[in-house]
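Engineer: Mind having a look at this structure? Questions to follow.
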Amino acid sequence: MLKGVNKSIVEINDTGNMYFERAVLYIRPEMNNVPERHIAREAAEYINSNVPDRISAPSRKKGRTLYLFLIHFSVAAAALIALAAVWSICR
């Protein structure tokens, strides 16, 4: 049973997120006199800041891990080459 419910809402149909198709935000009653353009901008900023894109975060981490692995591998290979050179000279 509903009794005299009158809410203003903003519905965002494209969240830019692979998990969420749509978002619904309820506008506070004291903000009903704020221009619609401002409400729409605030809603978009809120959604973009609170629903991070889950696709790009793992790929950045994976790229950074690969980069660090290659650096460590290169340093280890250079150390082995230097050790082999010193060993062959001292022999």
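The values are calculated or read from the model by the stated rules, or taken from the named source; none is laboratory data. Model, not experiment: these values are computed from the prediction. Positions of Cβ are backbone-derived with ideal geometry, glycine not excepted, and every protein chain shown enters the neighbour counts.
Engineer: Out of segment 12-34, which residues are among the hydrophobic types (A, V, I, L, M, F, W, C) and without any contact (Cβ under 8 Å) to a residue 24 or more places away in the chain?
Structural biologist: V24, L25, I27, M31, V34, listed by residue number.
Engineer: Oh, and also: Being surrounded by 10 or more Cβ atoms within 10 Å (Cβ to Cβ), assigned to a helix (DSSP H, G or I) and modelled with pLDDT of 80 or more: is that true of R64 here?
Structural biologist: Spelling it out, it is not the case that R64 is surrounded by 10 or more Cβ atoms within 10 Å (Cβ to Cβ), assigned to a helix (DSSP H, G or I) and modelled with pLDDT of 80 or more.
Engineer: Please go through segment 31-47 and give me each residue that is farther than 13 Å from K7 by Cβ and exposed (fewer than 14 other Cβ atoms within 10 Å of the Cβ), ordered by number.
Structural biologist: Of everything in segment 31-47, those that are farther than 13 Å from K7 by Cβ and exposed (fewer than 14 other Cβ atoms within 10 Å of the Cβ) turn out to be N33, V34, P35, E36, R37, H38, A40, R41, E45.
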